[in-house]
Amino acid sequence: MQILERLFGSGGESVWMQPPFYCDYGANIHLGTRVYFNFNCVVLDAAKCA
């Protein structure tokens, strides 16, 4: 859980993740509450959202 909280740009306190999870950077991912990532999730976060 500590790794996920450091990985994401914000959020991550209530994330549930089924591994494996793939992303470019992680810092550009901003999560809300109660987020679920299914297995083999790929997030392409190379650019910041406007």
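State, to one decimal in nm, how far the label point of Glu5 lies from the label point of Cys49, with both points 7 Å from Cα in the Cβ direction.
Inter-label distance under the simple model: 2.3 nm.
Tell me which residues come under 5 Å, amide H to amide H, from Cys41 once H is placed; ignore anything under 5 positions away on its chain.
Residues meeting the amide H criterion: Tyr22.
Kirkwood Rh, the chain, all Cα pairs: how many Å?
Numbers: mean 1/r = 0.0911 Å⁻¹.
Computed over Cα pairs of the chain, the Kirkwood hydrodynamic radius comes out at 11.0 Å.
How large is ³J(HN,Hα), in whole Hz, for each residue of the range 18-23 in order, when computed from phi with the Karplus curve 6.51 cos²θ - 1.76 cosθ + 1.60 and θ = phi - 60°, using x for Gly and Pro?
Going residue by residue, I get 9, x, x, 10, 10, 8 Hz, with x marking Gly and Pro.
Under 8 Å for C-alpha pairs, at least 6 residues apart: give me the relative contact order for the chain, rounded to a whole percent. Can you show the working numbers first?
Numbers: 85 pairs, mean separation 19.2, N = 50.
The value is 38 percent.
Bear in mind that the values in this text are calculations on the coordinates, not laboratory data. Just so we're clear, the structure is a prediction, and the values are computed from it rather than from any experiment. For neighbour counting, all protein chains shown are included, and Cβ atoms are generated from backbone atoms with ideal geometry for every residue, glycine included.
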